[in-house]
Amino acid sequence: MFWNRIWVALLCKTAIIAAMQSKKLYIVMVGLPARGKSTIASRLRDSLIRDSILSKVFNNGQLRRRLTGIETSQAAFYAPENREGVAIREKIALMNMEKARDFLAGRGQVAILDATNVSIKRREKISSFLSDHQLLFIECINEDKEILEANIARKICLPEFSHLNRDEAVRSFNQRIDFYKAIYRPVENEKNFIKLDSLNRRILGESLGDDIPFYDRLRDFLVTDVVKNLFLVRHGETFFNLENRIGGDSPLTQRGIEQARSLARHFRKKSIPVIFTSKKLRTIETAEPIKELQKNCTIISLEEFNEINSGICECMSYEEIRNYMPEVHSQRQKDKYYYVYPGGEGYATMKERIDRGIKKALYLSGVSQNIMIIGHRAVNRMILAHFLYRRTEDVPYTYIPQDKFYHIVATQNKKLFELRRF
Ligand code: F6P
């Protein structure tokens, strides 16, 4: 009896594993350059692999860079009328299709084709060549000008642009985008597709003609902000902090500079490829010593992370507000989250820009495992609240010290919040 049960359990387990492994899927990324396709593709692969779903990305750009010379980085190579360019790109696309097909013919379960794939002709070719398993198109859309500029600024750091100066490289990349725009057709006519706002992680449209394996899991992944390691830091002590003054643009005190240096030493052995700050001096001054001790680190200052604008109270101390504007003081005490400073902001009205800043930061950090945000007291409270549910009335009282930082992990499978000393 006992052995029978064990035997049945083993058979069931084997059957479940076999059923799981028999599910196979091609995912085809679609979108103009710099729309976040590769970041999504490689994060999706990592997340599937973590769930024991054997997945691989087949990236046309990487293959092109490996197989061809500098001439294929020039804008003219992408002109639709450049026959030679078109032929080379089609050949590379075909090579990756073959690799993807071989992968699924073996133990592979999800093959992700990462390329622009914006023309109907290309997609028809993919559909007819890869007809052995289901096919899902994921179209990434993002037209936010500022984000695109920042993303292009990152792209032109690739060695293939090293022979051009910054302006020439930007011009060349934008021209490349224009060539793709000329042949771009959205995915609406495909049988299985998801249209994704890749900045805001929102599904803009979807259609499923087939039963797509892993669909719920994929869909959930696409709308989830993936934060591998976010280090949320408050700027070091400022002269305004010493006087209990709010807002303004005060620099760090000597103690604040020491705090920044000590942060830098703490993170020296951890790679922080990108630090996001506000546009205020105190956050940038805190970031600089950290950048200095890193091998490769960029500071990106976002307006969205500026401290709460206290309107007519900017640069006043809490004591002065209490004495000269008792109405402001008492109204704010009554309902700190919803109170709005005259001529300024409140926590509630900051929410939209902070959420936007977080989306921007996550988008711009690409596949970096570790990112850092150096913000302010109210800003960091709102960032924490974005990841960790808190009742709104408690948000403006969250503890945001200057000698500790929050370590945040938020993925599909794991949520972690830890206040750590440095
Ligand atoms: O005092 C520093 C500071 O960052 C001010 O610039 C800002 O107005 C304040 O903290 C936000 O904290 P609270 O909402 O508790 O006043």
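The values are calculated or read from the model by the stated rules, or taken from the named source; none is laboratory data. Model, not experiment: these values are computed from the prediction. Note: ideal-geometry Cβ built from the backbone for every residue, glycine included; neighbour counts use all protein chains shown. The accessibility values were calculated without ligands, DNA or RNA, using every heavy atom of the protein model including side chains. Shrake-Rupley method; radii C 1.70, N 1.55, O 1.52, S 1.80 Å.
On the basis of the beta-carbon distance and an R0 of 25 Å, Q175 and E71 show a calculated FRET efficiency of 0.95. Taking a Cβ cut-off of under 10 Å around H376, the surrounding Lys, Arg, Asp and Glu residues balance to a net charge of +4, with basic ones at +1 and acidic ones at -1. Near the amide H of S301, within less than 5 Å, lie the amide hydrogens of T277, all on another chain or at least 5 residues away, with H placed in the peptide plane. Spacing of the modelled spin labels on E98 and I49, each 7 Å from Cα toward Cβ, amounts to 2.5 nm.
The order of the peptides 370-378, 90-98 by mean Cβ neighbours within 10 Å, most packed first, is 370-378, 90-98. Each residue of the range 178-195 is assigned a 3J(HN,Hα), and the resulting list reads 4, 5, 5, 4, 4, 10, 6, 10, x, 8, 3, 8, 6, 5, 10, 8, 10, 9 Hz, derived from the Karplus form 6.51 cos²θ - 1.76 cosθ + 1.60 (θ = phi - 60°), x at Gly and Pro. Rounded to the nearest 20, the size of the Cβ-charge dipole of the chain about its Cα centre is 1480 debye, with Lys and Arg at +1 and Asp and Glu at -1. Over all projection directions, the Cα-based convex hull of the range 228-421 averages an area of 10.4 nm².
Beta-bridge orientation, the chain: approximately 35 percent antiparallel, per DSSP, counting only bridges with both partners inside. Between E81 and R219, the FRET efficiency from the beta-carbon distance, with R0 = 25 Å, is close to 0.05. Pairs from the table (K37/K195; K23/K91; K228/K415; K24/K228; K145/K280; K291/K360) lying more than 18 angstrom apart at Cα are K23/K91; K24/K228; K145/K280; K291/K360.
Summarise the accessible area of the chain (1.4 Å probe, protein heavy atoms) by the percent that is carbon and sulfur. Taking all protein chains in place, the chain shows 52 percent carbon and sulfur surface. The H on the amide N of V274, modeled in the peptide plane, is under 5 Å from the matching H of T298, M372, each at least 5 residues off or on a different chain.
Computed over the range 280-332, the P(r) curve from all C-alpha pair distances, binned at 5 Å from the origin, holds 4, 15, 20, 13, 11, 11, 10, 8, 5, 2, 0 percent per bin. Largest first, the extents of the alpha carbon coordinates of the range 143-276 on the three principal axes equal 63, 42, 33 Å.
The tail of the calculated P(r) for the range 311-398, taken as Cα-Cα distances beyond 19 Å, holds 47 percent of the pairs. With a cut-off of 12 Å between beta carbons, the residues surrounding Y406 carry a summed charge of +4, where Lys and Arg count +1 and Asp and Glu -1. From the Kirkwood radius over Cα pairs of the chain, Stokes-Einstein at 37 °C and 0.692 mPa s returns a whole-number translational diffusion coefficient of 136 µm²/s. Report summary: the helix-based calculation at 222 nm, which adds -39500 (n - 2.57) for every DSSP H run with n ≥ 4 and divides by the residues of the chain, gives -14000 deg cm²/dmol. In this structure, the amide hydrogen of G205, modeled 1.01 Å from its nitrogen in the peptide plane, lies closer than 5 angstrom to those of K195, counting only residues at least 5 positions away or on a different chain. Under a no-solvent Debye model with one identical scatterer per Cα of the range 23-224, what's log10 I(q)/I(0) at q = 0.09, 0.10, 0.19 Å⁻¹? Reported log10 I(q)/I(0), two decimals: -0.33, -0.41, -1.49.
Could you calculate the FRET efficiency of E303 with E168 from 1/(1 + (r/R0)^6), where r is the beta carbon distance between them and R0 is 30 Å, rounded to 0.05? So, using R0 = 30 Å, E works out to roughly 0.60.
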